[in-house]
Every structure is written in structure tokens, then in C-alpha cells.
Amino acid sequence: MTTVREKGTLYLNKKDVESASADIPREDRVLYLSRKDVESASADIDSVAIIRELFKLDGSGQTILPDEAYLGWTNDQGEQVRSLNMPGYIGGSLNYAGTKIINGNIANPQRGLPRASGLTLIYDKTSVRINCIMEGAYLSSLRTACVTALSADIFKGREIESVAIIGAGVLAQAHIELLTKRLPHLCSICIFDLSRERIAALEAIVEPVLREHGVELQEAPTAKEAIEAAQLVVPVTTTTTGYIQFDWLQPGAILVNISLDDPLPEVVFQADKVIVDSWDLVKSDPRRLIGRMYRAGQIIGPDEPDENVEDRQQRRRIDAELGDILTGSKVGRDHLDDIILVNPFGMATEDVALAAHVYQKALKLNMGVWLER
């Protein structure tokens, strides 16, 4: 067996591992899918349709989503880091459970490493033993972009010709690659980032898909100028300080608040509709904008009683969850000029839904590496 040892780590190539595990019964093995495997298996699945179905199941009570486990600490370099463990179950036609583990350090890019990385696990439907372990960061960025694409589908008023993306990292790339394929009238993507070098690096990566779909990538001098021109606004930053003003948003705009802290509270108060993915997750988090506003008594949930709801400048009701819109129990856009704020906290069930399809595809294509339990 060919092995390489480097800095105390033992590496086995795929052929060696497969040869060693060939005689092990299937039930005593776990399938591992690398990032390349996950990307390849994801290429032919309709990821937005999967996320749409997930929210329908969620809206009809066929999912289980416990509170996420959040672990934050200071690493040996004095940096604030965190680890999230997010399990979820999806019933209905899918009937899968699993968990997503994702760790992050915003200083990682300075070391040439991704800001976040993780694993997604899929459980056996009967024994609930772990059947598959796959690289999780790619699916995490893909499902995040899928929620934006789904929001564009269900809240669209006028045709979306211009998109603003604030931030030029991995999530910006995922959004550009997906939205250019799904928005038939898209002409331009206006991007702003504090680092022009990051924009240049991103442009080099996404240039082929932009060229294929005839979409122009424009660099904006400020976030304000990027946002004012767009029907769809997507902040994908690491900021914890709000800056997006309500009057930057044109009539009919959709703001998908991916990075959760970019809008000022005035946007929450004045938007015609405020939609969340999971109100329980949003209100349970004390760190992000709407969770903070909830604790300050400025926000109430979609179905929570409130005797003083008349003054919207003091107290705002969340209008609906995405599942409510997709099941038809609540209405999304009422008028073309409605400004809609979508605040997707991020649900582990989204990752599990995509990962379950990737796992099934990998089995059919004989992808990945089998590991002995």
C-alpha cells in the first residue's frame, strides 16, 4: 500500500483505501465525499427545486429543526472563532436526517484558508448510523445562494435586470454562478468590496459564466451606489455593523439579508414585508440584527400576540416564514413597489436536503471513498 507521511499526518490515496475496504460489508463502511465529489454530484441536481420542496415540507410541519449548538472561543492567536453544530430531519418524500458542522475564523483568508469549513453527515433511515460524511462548505454556500434564487422567484415583481452583491468572497461567487443561470433578464451585477484585490480575484473566477450568459460585472465605488441600481440586493459580508439605509432601496427591491447584520434597523421597520426562514432560529440568536431587535422589544413573531402593533416605528411584526409563502398560507408580494426584506438565518435542513440528494447521486455514480467504521 502506498502511503505518504507529512508533518505527522498519514495520507492514503483513493485506490489504496478502496482496495483495503473491498472485503468489508457495506453496512460496516462509511462513504466519504470530498469537495470535488460533492461539486461533481451537485452539478446535475436542481438545487433550487430541492430547497423549494424543503420549505414546502417545513411550512407543512414535516421537518424538525432543533436549536443550533453555538460554540465560540478565543484561539491560540487571540482570534475569536466559532463552531456550529446544526442537526435536522426532513420527512415527506425525502425522509432523511443528518447534521451540519461548520467552523469559522474570519482571519483565515489572511492565511490563504477559507473563512469557514465543515462537514455534513447523512444518517441511515433505519439504524440512524452515519452512512455518509461529505465536505460541507460547498453545499453550505450553494444552499445559501439557492435561498436567494428562491426568494427572487417567489417575491419578484418587475423583472430583475440588475443585482447588487456586497462582498467578494466565496458566497459572492456562489451567487454569481447561480443567479446568472436563473435570471433570464439579468444584464449586470454590481459589486462592492472594501478590497479591490478580492473583486479582481473573484472576477477572474466567474468570468466564464458571466461571458456565457452575457452578464456584465461592474465594480461600484460605494455600497450605496451598488444597491441603488439593483432590483435584487445581496449582502455577503462579515460585518457586524449595519450600514444599508432604507432610502438606498428602489421601489420593488428585494433585499436578501444573507450576512444578517448589514441593514440598519430602519430597513426592518420600513420594509413592506419582512420574511424569515425560521422565526425560532432568528429570535433565539442574540448576536444578529433581528434577534437583537427582538430582545429590545422592537420585533414580534408572525403569529405572536401584540396589543401595541399600531406604531411601526416602535414595534414591527415579522410577516411570515418562507414555508408559509410556499404553502400558500400567507402572501408574499402585494404590490409591484413593495420593498421586501428576506432574512434567512440558515437552516440545517437545507444542507441535509441537498446532502441527501448528493449522497444518492454519489451511490449511483460510484463516487467517493469507502471507509471502515
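Brief remarks on what is shown
- In segment 323-344, the residues that are free of Cβ contacts under 8 Å to residues at least 24 places away in the same chain and surrounded by fewer than 21 Cβ atoms within 10 Å (Cβ to Cβ) reach residues that are part of a loop (DSSP other than H, G, I, E, B) and not polar (S, T, N, Q) with C-beta atoms within less than 9 angstrom, at least six apart or across chains, in these pairs: Val331/Asp319.
- Qualifying positions in segment 107-151 - part of a loop (DSSP other than H, G, I, E, B), out of contact with any Phe, Trp or Tyr (no Cβ under 9 Å at 6 or more places or on another chain) and surrounded by fewer than 22 Cβ atoms within 10 Å (Cβ to Cβ): Ala107, Gly112, Leu113, Pro114, Arg115, Asp124, Thr126, Ser127, Val128
- Residue in segment 232-246 that is buried (at least 21 other Cβ atoms within 10 Å of the Cβ), assigned to a helix (DSSP H, G or I) and either touching a residue at least 12 places away in the same chain (Cβ under 8 Å) or not assigned by TED's automatic domain parsing to the domain that holds Arg316 (or both) present: no
- Within segment 348-359, residues that are touching a residue at least 40 places away in the same chain (Cβ under 8 Å) reach partners that are hydroxyl-bearing (Ser, Thr, Tyr) and in a helix (DSSP H, G or I) with beta carbons closer than 8 Å, at six or more positions or on different chains, in the pairs Asp351/Ser140; Leu354/Ser42; Leu354/Ser47; Val358/Ser42.
- Selection within segment 183-207 - among the aliphatic types (A, V, I, L, M) and closer than 12 Å to Ala172 by Cβ: Ile189, Ile191, Ile199, Ala201, Leu202, Ile205, Val206
- Any hit, segment 108-117, residues being within 20 Å of Asp262 (Cα to Cα), touching a strand residue (DSSP E or B) at 6+ places or on another chain (Cβ under 7 Å), free of Cβ contacts under 8 Å to residues at least 60 places away in the same chain and assigned by TED's automatic domain parsing to the domain that holds Ile339: no
- Residues that are in contact with a helix residue (DSSP H, G or I) (Cβ under 6 Å, 6 or more places away or on another chain), closer than 20 Å to Ala253 by Cα and part of a helix (DSSP H, G or I), drawn from segment 200-226: Lys224
- Test for Ala220: is it free of Cβ contacts under 8 Å to residues at least 60 places away in the same chain, under 14 Å from Ala164 (Cβ atoms) and out of contact with any Asp or Glu (no Cβ under 7 Å at 6 or more places or on another chain): yes
Yes or no, residue by residue, for (1) at pLDDT 95 or above; (2) more than 19 Å from Ile122 (Cα to Cα); (3) over 32 Å from the mean Cα position of the chain (by Cα); (4) not basic (Lys, Arg):
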{"residue": "Thr3", "(1), (2), (3), (4)": "no, yes, yes, yes"}
{"residue": "Gly8", "(1), (2), (3), (4)": "no, yes, yes, yes"}
{"residue": "Leu12", "(1), (2), (3), (4)": "no, yes, yes, yes"}
{"residue": "Ser19", "(1), (2), (3), (4)": "no, yes, yes, yes"}
{"residue": "Glu39", "(1), (2), (3), (4)": "yes, no, no, yes"}
{"residue": "Ile50", "(1), (2), (3), (4)": "yes, no, no, yes"}
{"residue": "Glu68", "(1), (2), (3), (4)": "no, no, no, yes"}
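- Selection count where residues are surrounded by fewer than 22 Cβ atoms within 10 Å (Cβ to Cβ), in a helix (DSSP H, G or I) and in contact with a strand residue (DSSP E or B) (Cβ under 9 Å, 6 or more places away or on another chain), scope segment 156-199: 4
- Screening segment 37-74 for residues that are assigned to a helix (DSSP H, G or I) and in contact with a Phe, Trp or Tyr (Cβ under 9 Å, 6 or more places away or on another chain) and picking the one that is nearest to Asp303 (Cα to Cα) gives Ser42.
- The number of residues in segment 75-94 that are in a loop (DSSP other than H, G, I, E, B), at pLDDT 95 or above and within 25 Å of Ala320 (Cα to Cα) comes to 1.
- Among (1) closer than 27 Å to Tyr70 by Cα; (2) without any contact (Cβ under 8 Å) to a residue 60 or more places away in the chain, the one test that Gly92 misses: (1)
- Restricted to segment 260-302, and to residues there that are touching a residue at least 60 places away in the same chain (Cβ under 8 Å), out of contact with any helix residue (DSSP H, G or I) (no Cβ under 8 Å at 6 or more places or on another chain) and surrounded by fewer than 18 Cβ atoms within 10 Å (Cβ to Cβ), the residue that is nearest to Ser140 (Cα to Cα) is Asp280.
The values are calculated or read from the model by the stated rules, or taken from the named source; none is laboratory data. A quick note: this is a predicted structure, and the numbers were derived from the prediction, not measured. Cβ sites come from the backbone with ideal geometry, for glycine too, and all protein chains shown count toward neighbours.
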